[in-house]
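Remarks on the structure that follows.
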Amino acid sequence: MSFLGLNHSVWAAEIKRRIDAQRRRRQAALVAAQRRREAAAAAKKRREATAAAAKKRREAAAAARRRREAAGTPTPSPAPTPTPTPVASPTATAAPVVAVPMPSAEPAPSPTPAPIVEGGHPHEFESQVDFSSNQLDLQNPVTEFFQTPDRLEVLSVFKRDLSFDDGAVFEMWSFESATSGRGFPGPLLRPTEGEIFHAQVTPSMGPHTVHWHGMEPDPRNDGVGHTSFEIGGTYTYQWQAEPGRPGDPNYGAAGTYFYHCHVNTTLHVQMGMLGPLVIDPVVHPDYPVSPGARRVFVDGPEYDIDTEALLMPYSVDPRWHTLSHAAGLSGEDVGLNRFEPTHFYPMGGELAHRPDAEKKVWIMSSLRANVAGGERKPTLLRVLNGNYLPIYLEFTEEDGTTVDMAEVVSHDGRAFRDTSVPGQFSPTCADAGYPLTTDCLAFGAAERYDLLLRPPRAGKFLLRVEWRDWITSEILSTRSIPVIAS
């Protein structure tokens, strides 16, 4: 008996070999984790010993100062700084100057530097744990080079239990605006290229940040605490999306992104601290826009605003939703290396018709799509992987037959163009004669794709969403979303 051309015994031996190899990898990972914990504990002890020694030195210095004061002995003054010898300017004539020697003094003893400045921020880290648990936390940092915004969003952070469509209830943390309500995902933020964008963020439940994933502003406004600061009070992020230029792959930021908290990132994103970010293109005079439509990028194809939709696959590991804000940041093992989801959701829907988000989660139950060649512009589906698992999408007929109905037009905010002739106008792939049309799409965590849907006829199709194990590629869950073409 054979399977895939292999003898059954050979196949069984191969499976056993793979299982044994996986077991060895897991055992090695456990040993490595134990060593990291031991190293972190040793580093913590060294820091505590260093801090205790520094404290003793300060106490001894203070006691000596009190004894001197009690005995009437003045405290030694620091050594005077010698006056530097003036140097004549190369463009002017000056009288010779004789350096006058200054009276000598006993140099003050140099203090022993401590790794951590009291009341300040460490500059040397002994381990990754030390680095992660000692970030700069500012109450109300100042927005440098402040400019008047073209668009202002005001965000705050909330925590509450939310009910999902399978009846499960989880504690969720996320962002809300003045009009969004406390739902999940966070509210859609939608600036246009060239606008000065401000987001005033006021966290709660501890320090947070907002990272604009894929936008790459300056470090103070990128929302990564490791390279800037974490926010304890309020901060106004400021950045400007670069305007696109027709035919130039090196300019433009229009596309699909997302924002998320970058404090204890792995946990906070799973808890729900993320939301969609869409950058709309500038309107170029050579590429006007039809009524009721918008372009994907400055010289990109037009799409129908009314049916534009977002799909954000998401999954929940219930154990993670019992953890605290700073779980794992002090070196303790809380299992953030083990993501074992048991609930799977296709978050999203039509962007122009998101329901009232108060106490609700936004889950895609169906998808409208305009038939190819009709009077209306095609439907744009923005895909954002909001979980830690690989995702596989497939468009099919109701009987499971695959259908090439999705044209991939951009990825991670970058348009697909024909760049085969350097220095020349780079048309879109479709304008170059080879549209990137497909019936399926595979992508990983945090990836984003923009798909123009072109169903061949009116009727019902299916969008199959698969969540897969990131090691074995085993299908963990599947959802089928009806696609209604008209």
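The values are calculated or read from the model by the stated rules, or taken from the named source; none is laboratory data. Predicted model, so just to flag it, every value in this text is computed and none were measured. Note that each Cβ is placed from the backbone with ideal geometry, even for glycine, and that neighbours are counted across all protein chains shown.
Residues in the stretch 170-214 that are aliphatic (A, V, I, L, M) and over 18 Å from residue 263 (Cβ atoms) were compared, and the one that is surrounded by the most Cβ atoms within 10 Å (Cβ to Cβ) is 189.
With the structure loaded, tell me whether residue 296 is modelled with pLDDT of 95 or more and touching a Lys or Arg at 6+ places or on another chain (Cβ under 7 Å) or whether it fails that test. Against the criterion (modelled with pLDDT of 95 or more and touching a Lys or Arg at 6+ places or on another chain (Cβ under 7 Å)), residue 296 does not qualify. Screening residue 135 on (1) modelled with pLDDT of 95 or more; (2) surrounded by 17 or more Cβ atoms within 10 Å (Cβ to Cβ); (3) in a loop (DSSP other than H, G, I, E, B) shows it passes everything except condition (1). Scanning the stretch 433-455 for residues that are surrounded by 14 or more Cβ atoms within 10 Å (Cβ to Cβ) and either farther than 22 Å from residue 350 by Cβ or free of Cβ contacts under 8 Å to residues at least 24 places away in the same chain (or both) returns 435, 436, 437, 438, 439, 440, 445, 446.
Residues in the stretch 142-169 that are in a loop (DSSP other than H, G, I, E, B) and loosely packed, with under 15 Cβ neighbours inside 10 Å: 12 in all. When the stretch 388-414 is filtered for residues that are charged (D, E, K, R) and part of a strand (DSSP E or B), the ones remaining, listed by number, are 394, 407, 414. The single residue among 394, 350 that is touching a Cys at 6+ places or on another chain (Cβ under 9 Å) and either within 30 Å of residue 246 (Cα to Cα) or not small (Gly, Ala, Ser) (or both) turns out to be 394. Counting the residues of the stretch 226-256 that are within 26 Å of residue 432 (Cα to Cα) and either within 15 Å of the chain's Cα centre (by Cα) or in a strand (DSSP E or B) (or both) gives 2. Give the residue, chosen from 368, 382, 376, that is in contact with a strand residue (DSSP E or B) (Cβ under 7 Å, 6 or more places away or on another chain), in a strand (DSSP E or B) and surrounded by fewer than 20 Cβ atoms within 10 Å (Cβ to Cβ). From the options 368, 382, 376, the qualifying one is 368. Of all residues in the stretch 223-247, exactly one satisfies the criterion of being surrounded by fewer than 16 Cβ atoms within 10 Å (Cβ to Cβ), touching a helix residue (DSSP H, G or I) at 6+ places or on another chain (Cβ under 9 Å) and in contact (Cβ under 8 Å) with a residue 60 or more places away in the chain, namely 226.
Within the set 394, 407, the sole residue that is among the acidic types (Asp, Glu), modelled with pLDDT of 95 or more, surrounded by 18 or more Cβ atoms within 10 Å (Cβ to Cβ) and in contact with a Pro (Cβ under 6 Å, 6 or more places away or on another chain) turns out to be 407. Residue 470 passes every criterion in (1) part of a strand (DSSP E or B); (2) among the aromatic types (Phe, Trp, Tyr); (3) touching a Leu at 6+ places or on another chain (Cβ under 8 Å) apart from (1). Please verify whether residue 285 is in a strand (DSSP E or B) and either in contact (Cβ under 8 Å) with a residue 12 or more places away in the chain or on the phi < 0 side of the Ramachandran plot (or both), treating the condition exactly as stated. Spelling it out, it is not the case that residue 285 is in a strand (DSSP E or B) and either in contact (Cβ under 8 Å) with a residue 12 or more places away in the chain or on the phi < 0 side of the Ramachandran plot (or both).
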